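Below is one structure; the comments refer to it alone.
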Ligand code: NAD
């Protein structure tokens with residue numbers, strides 16, 4: 001099938017590459033000319049396991065191409081898939097300006113029937129707004145006869161495993177009431193549904209809602225566990241034992257109940273807040289979601305508070321080694337990352353940071369630029385040299401079995417603050433390191 005993808009970000013690029021891999025003919029369009037230019041040269045703008053080779057191979061085979069030419073893009077696809085960003089506005093609601101700009105462009109350029117697929121995470125009712133916008137522009141052109149449909153098809157990929165998630169989706173949500181649209185969408189995704197039917201077809205509003213409900217429940221699990229970890233720490237319990245104890249109940253399960261220093265990234269914080277705003281817009285008090293957001297904001301400061309307490313508030317001139325900058329492992333994404341809250345608090349207190357992350361160094365550089373209180377180090381060991389403490393922020397696999405002896409020798413004060421509970425307190429204590437983690441007692 002001929003398919004156009006608007007927006008070559010995490011979602012658009014991965015989904016486009018995966019759809020090209022199964023044989024569809026995909027044209028990607030973005031307003032970022034620099035990104036398009038680099039992609040055409042085979043340079044991949046984001047880090048995502050498996051993505052680079054997938055894009056390069058399909059680009060070489062001519063199944064995926066990149067352009068800034070909107071007219072050509074609208075002409076190309078029988079299906080026009082929009083995966084542009086929906087960033088938060090000041091009050092936390094989703095900003096639909098990019099979504100509506102795509103709708104506008106479609107209305108302006110379309111000359112044949114189209115199926116418009118809304119892939120971005122958008123508040124309930126947005127597909128109706130897209131439909132109205134396209135109809136309005138077609139009317140202004142005197143082309144109301146042109147047929148189109150708008151279908152909600154939210155994306156559930158996880159950064160860090162996005163390619164695998166799109167290749168083997170748990171489910172494909174299709175929000176439409178049209179038999180023809182359903183048929184076309186089934187054809188588009190048939191290659192991903194061979195093992196069993198992954199398609200769940202529902203009405204448009206329920207599909208839009210499903211995406212928010214999914215992210216909100218995942219964020220709730222994390223905030224719940226973080227709240228429990230605060231209690232465990234004060235009550236003399238070990239949250240890691242509690243985690244195993246409750247996870248063994250299949251009604252609870254082991255997934256997504258790791259305590260830590262809060263969720264970040266481009267989705268959970270934004271989507272929880274957008275849902276709160278949606279609720280406020282209809283005078284519904286979303287008490288639970290507000291608490292989830294509040295707990296997360298507090299949790300992002302927990303590691304700083306521990307450090308501050310340990311050094312009795314005297315952080316001026318201290319140097320801290322930070323392991324991990326990305327909001328989670330296997331990505332270079334630092335949007336709303338706990339590392340940012342932590343670094344900014346340390347800088348505010350007059351301390352400096354020596355940081356290492358396997359993938360997010362460039363991203364960190366482009367966010368903060370050159371500054372005296374930030375040293376980006378080439379290895380995790382280099383980040384330790386002369387530091388007053390080690391702070392673990394992201395649970396990258398390569399941090400899990402370090403040389404504790406080397407760690408002890410390199411640090412000025414042999415103390416580790418672990419925001420992800422990746423070490424056994426007894427083991428690290430045996431190596432002569434002081435250890436503070438989340439929801440556990442020091443050994
Ligand atoms: P992103 O910011 O990485 O990419 C968005 C892209 O859209 C950018 O390249 C931007 O230049 C482009 N764009 C903006 N306006 C455009 C226009 N008029 N025409 C063409 N391109 C345009 O965003 P993302 O992380 O891929 O997220 C996209 C959407 O998918 C959001 O709604 C997000 O909530 C949702 N989502 C994201 C994830 C994730 O893990 N990142 C997962 C599921 C859903």
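Data overview
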item	result
Mean Cα-pair separation over length for region 63-153, i.e. relative contact order, pairs under 8 Å, 6 or more apart, %	31
Shape of region 1-126, Cα gyration tensor, a/c cut at 1.5	oblate
Folded to 0 to 90 degrees: helix 204-235 orientation relative to the chain principal axis, Cα	0
Length-normalised contact order of the chain in % [C-alpha pairs under 8 Å, at least 6 apart]	12
Pairwise label distance in nanometres, residue 91 with residue 382, each label 7 Å out on the Cα-Cβ vector	4.8
Relative exposure of 90, 305, judged by other C-beta atoms within 10 Å (fewest first)	90, 305
Inter-label distance, nm, simple model (7 Å from Cα along the C-beta direction), residue 22/residue 68	3.2
Prolate/oblate/rounded call for region 212-298, Cα gyration tensor, a/c under 1.5 rounded	prolate
Whether the chain is rounded, prolate or oblate, judged on the alpha carbon gyration tensor where a/c under 1.5 counts as rounded	prolate
Helix-only mean residue ellipticity at 222 nm for the chain, each DSSP H run of n ≥ 4 adding -39500 (n - 2.57), per residue, nearest 500	-13500 deg cm²/dmol
Listed residues 420, 63, 251, most fluctuating in the chain (Gaussian network, C-alpha, under 10 Å)	251
Label-point separation in nm, residue 197 to residue 434, each point 7 Å along Cα→Cβ	6.2
On Cα atoms only, tilt of 97-109 relative to the major axis of the chain in degrees	20
With Cα atoms, 0 to 90° folded angle of helix 268-281 axis to the chain main axis	60
Antiparallel bridge percentage (DSSP; both residues within the chain; nearest 5)	5
For the chain, built as a Gaussian network whose Cα springs stay under 10 Å, the top-fluctuating residue of 246, 217, 261	246
Exposure proxy ranking, count of Cβ atoms within 10 Å, fewest first, for 347, 396, 323	347, 396, 323
Contact order normalised by residue count of region 109-183, Cα under 8 Å, 6+ apart, percent	35
For region 2-202, share of DSSP beta bridges that run antiparallel, in % to the nearest 5	5
GNM top mover of 403, 152, 266 - the chain, alpha-carbon springs below 10 Å	403
Among 7-13, 306-312, the order from most to least packed when residues are scored by Cβ within 10 Å on average	7-13, 306-312
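Quick note: the coordinates plus some simple rules give every number you see, no bench work behind them. Since the model is a prediction, treat every value here as computed from it, not as a measurement. Positions of Cβ are generated from backbone atoms using ideal geometry, with glycine treated the same way; all protein chains shown enter the neighbour counts.
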